[in-house]
Amino acid sequence: MRAALWLLALFGIAVAIALFAGNNEGTVTVFWAPYRVDLSLNLVLVLLFAAFVLVYGAVRALSVLFDMPRQALRWRAQQKERAMHGAVLDAMSHLLAGRFIRARKAAEAALGQEHSLATGGHAPANGAQLRTLAHLLAAEGAHALQDKPAREEHVKLALEQTSARDAQETHEGALLRAARWSLDDHDPDAAMGWLRLLPQGAARRTLALRTRLQAARLSQQTPEALETARLLAKHRAFSSVAADSIVRGLAVDLLNGAHDAVQLQRAWTSLEPGERAMPELAIHAAHRLTQLGGDAQLARDWLLPTWEQQHGLPEASKVKLVRALESGLDSIDAGWLARIETAQRQDPRDATLQYLAGMACMKRQLWGKAQQLMGQAVVGLQDAGLHRGAWRALAELAEQRGDASAAAQAWKRAATQ
């Protein structure tokens, strides 16, 4: 359509020129004493157009001629800039391929090209970011080659280049890489120092939190590691199962770090309600409190939520719960005794509940009922420790009623478990 319109326009112009020039009888007279020159108007117009074309062509030719040095400089700058970007790409490719020496040399070559461009007055617009990336690539290569002084020098230069506002993201990336390298060197304090330099928003990103978690665990800063793990769990950086496992492990470390009952209570209080509701944590905390000579009643209070869901616990966790409660049976109150008896009646075939109820009856000197429950429990217990404890209890009950042969047999069975 456009070609047809152009063709019509050309036909129109040709017709107009033909109409104007065909019937144009005008003349132009030029007086140059003592001469007189008569020219047709059409010829004058043609000569004027030819003169304009000639002058315009000469001006353009002179402009191109005088602009050639600048064009040559621009071409050389473009070649250098292409070589600079090519060197950066080569450095990244060599790093991915594991050629760390070549990667380092390519990154340094890119820095040299950028410096040449800057001194020549053709600094690239993204020069700060490019210098930072080149320094980071060189530092990565030096880190892989175990050249720590060179790595630190490149990191320092990279951070100096990213002071500009337009290179803020690159600056944050340089800090994160420096923290990662410090962790590889098993220097968690240095890693935490790099992370503290991050802005508040960048410090709460998933990558920064993962690095902080690793640094805190490596430096055994359990409270900070636990808090970081909670943030990662809220950000869904882990699956729910993995997040629960990590938080549970750190909470156990926090409880193990307590050296007396007061510190343990403080650590337990610092846990979130959802964490205190974890059966493994509650059982471990109660067992730890008993080891430290704490209040047995307080330990049972910690175990109460777990006890209320003991029917849904796996067998291993139920055995740990029974052991934790067994350690405090000397001071068990009537309320807990009723809970144990009720649970055993509701599930009379559960050997672990039979064992716990039997031990509770022994502490209350209910010898007959204890004998009955222990006799039933010893048949169904699968855990070796509880099985051995049941035979010991039967041996003590036999001694209490004066049956020496039964006691000896029970002690023998306990010793062979």
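The values are calculated or read from the model by the stated rules, or taken from the named source; none is laboratory data. Quick caveat, the model's predicted, so the values are computed rather than measured. Please note: Cβ atoms are built from the backbone with ideal geometry, for glycine as well, and neighbour counts cover all protein chains shown.
So which residues in the stretch 249-266 are in contact with a Gly (Cβ under 7 Å, 6 or more places away or on another chain) and buried (at least 19 other Cβ atoms within 10 Å of the Cβ)?
LEU264
Of all residues in the stretch 268-278, which are surrounded by fewer than 21 Cβ atoms within 10 Å (Cβ to Cβ) and assigned to a helix (DSSP H, G or I)?
Matches in the stretch 268-278: THR269, SER270, PRO273, GLY274, GLU275, ARG276.
State yes or no: is ARG131 assigned by TED's automatic domain parsing to the domain that holds ALA87, basic (Lys, Arg), more than 28 Å from ARG74 (Cβ to Cβ) and crowded, with 18+ Cβ neighbours inside 10 Å?
no
If you go through the stretch 273-290 one residue at a time, do you hit one that is farther than 23 Å from GLU326 by Cα and in contact (Cβ under 8 Å) with a residue 24 or more places away in the chain?
Within the stretch 273-290 (the criterion being farther than 23 Å from GLU326 by Cα and in contact (Cβ under 8 Å) with a residue 24 or more places away in the chain), the answer is yes, since at least one residue qualifies.
Being surrounded by 12 or more Cβ atoms within 10 Å (Cβ to Cβ) and in a helix (DSSP H, G or I) is the filter; apply it to the stretch 321-330 and report the residue that is nearest to the chain's Cα centre (by Cα).
It comes out as LEU321.
Here is a yes/no grid of residues against (1) loosely packed, with under 14 Cβ neighbours inside 10 Å; (2) over 30 Å from ARG151 (Cβ atoms); (3) at pLDDT 90 or above; (4) not hydroxyl-bearing (Ser, Thr, Tyr):
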residue: VAL46; (1), (2), (3), (4): yes, yes, no, yes
residue: PHE52; (1), (2), (3), (4): yes, yes, yes, yes
residue: ALA58; (1), (2), (3), (4): yes, yes, yes, yes
residue: LEU65; (1), (2), (3), (4): yes, yes, no, yes
residue: GLN71; (1), (2), (3), (4): yes, yes, no, yes
residue: LYS80; (1), (2), (3), (4): no, no, no, yes
residue: ASP90; (1), (2), (3), (4): no, no, yes, yes
residue: ALA106; (1), (2), (3), (4): no, no, yes, yes
residue: GLY112; (1), (2), (3), (4): no, no, no, yes
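Cβ-Cβ distance below 7 Å, separation of 6 or more or different chains: which pairs start in the stretch 294-309 with a residue that is in the same structural domain as ALA282 (by TED's automatic domain parsing) and surrounded by 14 or more Cβ atoms within 10 Å (Cβ to Cβ) and end on one that is outside any helix (DSSP H, G or I) and at pLDDT 85 or above?
PRO305/ALA277
Just name the residue that is nearest to the chain's Cα centre (by Cα) out of those in the stretch 238-259 that are of a type in the set (D, E, K, R) and closer than 17 Å to ARG288 by Cβ.
Filtering the stretch 238-259 for residues that are of a type in the set (D, E, K, R) and closer than 17 Å to ARG288 by Cβ, the one nearest to the chain's Cα centre (by Cα) comes out as ARG248.
Quick check on the stretch 221-237. Is at least one of its residues at positive phi and within 14 Å of the chain's Cα centre (by Cα)?
Yes - at least one qualifying residue is present in the stretch 221-237.
For the stretch 331-349, enumerate the residues that are among the acidic types (Asp, Glu) and either surrounded by 19 or more Cβ atoms within 10 Å (Cβ to Cβ) or assigned to a helix (DSSP H, G or I) (or both).
Result: GLU341, single match.
Across the stretch 74-133, what is the total count of residues that are out of contact with any Asp or Glu (no Cβ under 7 Å at 6 or more places or on another chain) and outside any helix (DSSP H, G or I)?
Of the residues in that region, 8 qualify.
Inside the stretch 385-417, can you point out the residues that are of a type in the set (Asp, Glu) and without any contact (Cβ under 8 Å) to a residue 24 or more places away in the chain?
GLU399, ASP403
Hey, among ALA179, ALA150, ALA190, which residue is in the same structural domain as ALA118 (by TED's automatic domain parsing), assigned to a helix (DSSP H, G or I) and modelled with pLDDT of 90 or more?
Just a single option satisfies the conditions, and that option is ALA150.
Can you tell me how many residues within the stretch 134-150 are in contact with an Asp or Glu (Cβ under 8 Å, 6 or more places away or on another chain) and surrounded by fewer than 16 Cβ atoms within 10 Å (Cβ to Cβ)?
Qualifying residue count for the region: 1.
Condition first: surrounded by 17 or more Cβ atoms within 10 Å (Cβ to Cβ) and polar (S, T, N, Q). Now tell me which residues in the stretch 222-248 satisfy that.
Once the filter is applied, which keeps residues that are surrounded by 17 or more Cβ atoms within 10 Å (Cβ to Cβ) and polar (S, T, N, Q), the stretch 222-248 yields THR222, THR228.
Conditions tested, residue by residue: (1) hydroxyl-bearing (Ser, Thr, Tyr); (2) under 13 Å from the mean Cα position of the chain (by Cα); (3) surrounded by fewer than 20 Cβ atoms within 10 Å (Cβ to Cβ).
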position	(1), (2), (3)
GLU169	no, no, yes
LEU175	no, no, no
ALA178	no, no, no
SER182	yes, no, no
ASP185	no, no, yes
TRP194	no, no, no
ALA203	no, yes, yes
LEU207	no, yes, yes
